[in-house]
Amino acid sequence: MYEQLCSFEELAADVAAADAFREKVRRQAFDVLERHASTIATMALQLLGNRDRAAHWMCSRQRRLGGRSPYEALADGDVDCVWDLMAGIDQDE
């Protein structure tokens, strides 16, 4: 007989908690970007229209960065690649 180890309600609560944590980290990461690379943060805000979209984009893996996120590219020292990627945002959308 199948014994249910976890209810769907618990699973849904766990997923909601993980989503909330991810959003918190995303906002905190963008705060750090604004303090340490304000020109990149400002450009992302201008190109993407609002803070939530810019913060999400910075965390998203990009094909043109070899599957890395812009944050990962910055951590690798590839600032120019992030600028180049942002220059193409208007063309991609």
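The values are calculated or read from the model by the stated rules, or taken from the named source; none is laboratory data. Just so you know, these numbers come straight off a predicted model, no measurement behind them. Reconstructed Cβ throughout: ideal geometry from the backbone, glycine too, with neighbour counts over all protein chains shown. When the accessible area is computed, the model is the full protein with side chains, heavy atoms only, and any ligands, DNA or RNA have been set aside. Shrake-Rupley method; radii C 1.70, N 1.55, O 1.52, S 1.80 Å.
Selection of first residues in the stretch 54-72 that are at positive phi and of a type outside the set (Lys, Arg) and of second residues that are at pLDDT 95 or above and exposed (fewer than 15 other Cβ atoms within 10 Å of the Cβ), restricted to Cβ pairs under 8 Å at least 6 apart or on distinct chains, gives the following pairs, ordered by first then second residue: 67/61. One residue stands out among those in the stretch 64-85 that are charged (D, E, K, R) and assigned to a helix (DSSP H, G or I): the one that is least open to solvent (accessible area, probe 1.4 Å), which is 72.
Within the stretch 43-63, the only residue that satisfies the criterion of being surrounded by 16 or more Cβ atoms within 10 Å (Cβ to Cβ) and not in a helix (DSSP H, G or I) is 62.
Taken as a whole, the condition of being open to solvent by 30 Å² or more (accessible area, probe 1.4 Å) and closer than 21 Å to residue 88 by Cβ does not apply to residue 22. Just one of the listed residues (54, 37, 75, 13) is at pLDDT below 95 and either touching a Leu at 6+ places or on another chain (Cβ under 7 Å) or over 16 Å from residue 87 (Cα atoms) (or both), namely 13.
Here residue 30 clears all of (1) open to solvent by less than 100 Å² (accessible area, probe 1.4 Å); (2) out of contact with any Lys or Arg (no Cβ under 8 Å at 6 or more places or on another chain); (3) under 24 Å from residue 81 (Cβ atoms) except the condition numbered (2).
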